[in-house]
Protein chains: 2
Amino acid sequence: MEEKCEKPNYNNLSERSREILLGIIEGYFGTANPVGSKFIAENTGLNLSSASIRNIMASLEEAGYIYQPHFSAGRIPTAKGYKFYIDGLMIAEKISQKEKENIEKRLASANRNLSGILSRVSILLSDLSHYAGVVLAPDMSGAFLLHIEFIRIKEKNILAIIVFANGVTENKSFYIPKDIKQNELTRYSNKLNGIIENKNCDLDGLKKIITEEMYSDKENFYSILSSEIFSPVGNTDDYGDCINYDNRLYVGPEGDLLEEPEFSNNEQIKFLIKTISDKKNIIKLLGHTKNCKTKQIFIGSEEEWSEISGLSLITAPYASENNMLNGSIGIIGPLRMNYSHVIPIIDFMSEFLGGII
Amino acid sequence: MEEKCEKPNYNNLSERSREILLGIIEGYFGTANPVGSKFIAENTGLNLSSASIRNIMASLEEAGYIYQPHFSAGRIPTAKGYKFYIDGLMIAEKISQKEKENIEKRLASANRNLSGILSRVSILLSDLSHYAGVVLAPDMSGAFLLHIEFIRIKEKNILAIIVFANGVTENKSFYIPKDIKQNELTRYSNKLNGIIENKNCDLDGLKKIITEEMYSDKENFYSILSSEIFSPVGNTDDYGDCINYDNRLYVGPEGDLLEEPEFSNNEQIKFLIKTISDKKNIIKLLGHTKNCKTKQIFIGSEEEWSEISGLSLITAPYASENNMLNGSIGIIGPLRMNYSHVIPIIDFMSEFLGGII
DNA sequence: TTTAGCACTCGATATGTTTAAGTGCTAATT
DNA sequence: AATTAGCACTTAAACATATCGAGTGCTAAA
């Protein structure tokens, strides 16, 4: 899969311009209102009059870092401005030892079960950031198998339980054309488990071994099964519902996010809720991050990432120690997001999550 | 558990009053604006002047079926008015054969896996109603067991897979103080499965049998286990997160609901989203319905069900044929909900869902 | 019993006015 | 050459006021 994951390169700004840009961005973070030249003159160490600052602001606007919502208003950062801030101006907050311990505690008490952990992480991300946390579950294809078990539910109905080496389980129940008794099923699963123990393979590998071995015999149990049990997991169905374990998006509570002043506008709030409840675009961007293997910052503007226009999404991939499980996490907030607070949270959480799955 | 599930009894209204009330409610459904006497005079079969209708409206208001948002406005139904409409005035729509087939098709293509079905049902309820569908997963305590399997994940870490007779599975992974090899674990699960086959019991029943049998031996595997495997399922944890399979709420997409005119007000929309994402109150009301065993209608007003004030929640219980799995489904919408459309959907779906789980 | 007529209420809408914040430009100052 | 004081100008927001229209309750007449 090919993806563009590079970081853009910004032309340098003079020290003075950088300081004024920083002032504008931090001022905007604080007040949620356009920042004027007078405010900068009074609230930064620069000993300059508002008139001088106006001159520099005009050139910062020319260069695309800030803009005016209307003629006689102050300035607001553009997407380009935020990016410059994140890459060069921002001083990331440190997560205190106490906070780290709190996170560990809240995740430790979770059932040691992937779905439970991921759901919990999404809630935790919401809580810590006061925005909305999202978690994309890892794709199970490629994960080593530990155990497979067939259980007869009732006549011609079988449940397959697939246990991966990392403790994740997947259940698939399906119908077969002729009934098979439980002890025969147990024989079949024993045989599969023998292969798994010897060859240390993933689902796809197992499929190959089985289809080679059982090539001729059409009536064979495994050949009936293979179409069912090895069917691709983790994709959306014909109705666009994401029903499978994999590729599943966990979304934390979004209550706090709604209190941000940008969502006092009715259209904004609807766009936010629809974007989150639609899941499609969020999953797309989180998938992108998973493939990039590094933290990504999506700032939704008219020109770029317009699918989340007006929203920011900070994401990072996570991976289990053996690199078998890959997913990503993220935080959705307004453009005017507290990046210096949120980014360390994402960094810490992606690493921590990698360590416990 | 004791719950009040009775239906209130309304004093009778004259034929004319009923017809005017019906006109007001249907008019309000159509326009989302307070309905005046002139509108009723012109849009119903009644050959009455607006002045006469005003007299009757005054008495309907006196009796609490309608109210005026302000002095010179038309009338809006109260919660009491809606209830009277639902119980006595409404003519429920029929679900066409075609729609039924569509529902069946969309649920048939789902993986035959409880979680998948329930998630799908919540989406389907949203789609069909254009409001927000919710589904409360059944409580598994009381469901007969089919199979238990212990799998050694790694040193001192065990995964227990519990399969219920209805095909639902539950996974619990936990730590044990001393390591046990897989073949020994298999012996243990075989023993349990023997008991399950003979006694046909639920988790609680199994626990009793085991603890009686293994009374003396403290070092015993089962006694180590019992605290873990039989720990209560389906409740929220110390942080209020609902992480377990049971008692889990599935919420369908709420995009359509946001388009209703009642949610053009910013506070309304926030209340809706917070109520849904909070889950607690929705779960409470769905749980109430499950215990009542009949369809329930919650109309959120200042006086009653104020936790969903301004919202309506139509719910119905569902149960598997053998009555082992009990849960409930619901649709959340504005007070001005299209009850005659939504109620048959809820009725059909609760019955249909009971049939396929 | 019904209704025409009327005075009255009150939100919604439109219009005009004022205010405050902020700008760009120019000429004076450092 | 860089900086700044001063000023005319722009605009959104806040406020005040007037008008309109939908709807009411009441009374007296049909």
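The values are calculated or read from the model by the stated rules, or taken from the named source; none is laboratory data. Worth saying up front: this structure is predicted, and the values here are computed from it rather than measured. Cβ placement follows ideal geometry from the backbone for every residue including glycine, while neighbour counts extend to all protein chains displayed.
Quick check, is A:Ile76 closer than 23 Å to A:Trp305 by Cβ, within 16 Å of DNA strand D (Cβ to nearest atom) and of a type in the set (A, V, I, L, M, F, W, C)?
On the way: closer than 23 Å to A:Trp305 by Cβ: yes; within 16 Å of DNA strand D (Cβ to nearest atom): yes; of a type in the set (A, V, I, L, M, F, W, C): yes.
Yes; evaluated as a whole, the condition is true for this residue.
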Handout entry: Set A:Lys83, A:Lys7, A:Lys38, A:Lys105: member being more than 9 Å from DNA strand C (Cβ to nearest atom), of a type in the set (Lys, Arg) and modelled with pLDDT of 95 or more
Key = A:Lys83
Practice task
Among the residues of segment B:27-38, write down those that are of a type outside the set (Lys, Arg), surrounded by fewer than 19 Cβ atoms within 10 Å (Cβ to Cβ) and either free of Cβ contacts under 8 Å to residues at least 24 places away in the same chain or assigned to a helix (DSSP H, G or I) (or both).
Solution key: B:Phe29, B:Gly30, B:Thr31
Practice task
State whether the residues of segment A:43-52 include one that is closer than 25 Å to A:Pro261 by Cβ, at pLDDT below 95, surrounded by 11 or more Cβ atoms within 10 Å (Cβ to Cβ) and hydroxyl-bearing (Ser, Thr, Tyr).
Solution key: yes
Handout entry: Odd one out for B:Arg187, checked against (1) more than 28 Å from B:Ser328 (Cα to Cα); (2) in a strand (DSSP E or B)
Key = (2)
Completion exercise
Note on segment A:305-348: residues modelled with pLDDT of 95 or more and part of a loop (DSSP other than H, G, I, E, B) are A:Trp305, A:Ser309, A:Gly310, A:Leu335, A:Arg336, A:Met337, A:Asn338
Fill in the blank from the handout: B:Gly88 vs (1) at pLDDT 95 or above; (2) away from DNA strand C (no atom under 16 Å from the Cβ): all pass except (1)
Problem - Residue satisfying all of: in segment B:28-51; near DNA strand D (Cβ under 9 Å from one of its atoms) and of a type outside the set (A, V, I, L, M, F, W, C); nearest to B:Ser340 (Cα to Cα) among these - result: B:Thr31
Completion exercise
Within segment B:141-190, the residues that are more than 12 Å from every other protein chain (Cβ to nearest Cβ), surrounded by fewer than 15 Cβ atoms within 10 Å (Cβ to Cβ) and within 27 Å of A:Glu155 (Cβ to Cβ) are B:Ser141
Exercise for the section: Run down A:Gln68, A:Gln97 and say which single residue is in contact with an Asp or Glu (Cβ under 8 Å, 6 or more places away or on another chain) and at pLDDT 95 or above. Expected result: A:Gln68
Fill in the blank from the handout: Among helices (runs of 4 or more DSSP H) entirely inside segment B:53-136, those with 1 or more residues being within 14 Å of another protein chain (Cβ to nearest Cβ) and basic (Lys, Arg) are B:97-108, B:114-129
Practice task
Could you list, in sequence order, all residues of segment B:79-94 that are more than 14 Å from B:Leu22 (Cβ to Cβ) and either crowded, with 17+ Cβ neighbours inside 10 Å or within 16 Å of DNA strand D (Cβ to nearest atom) (or both)?
Solution key: B:Ala79, B:Lys80
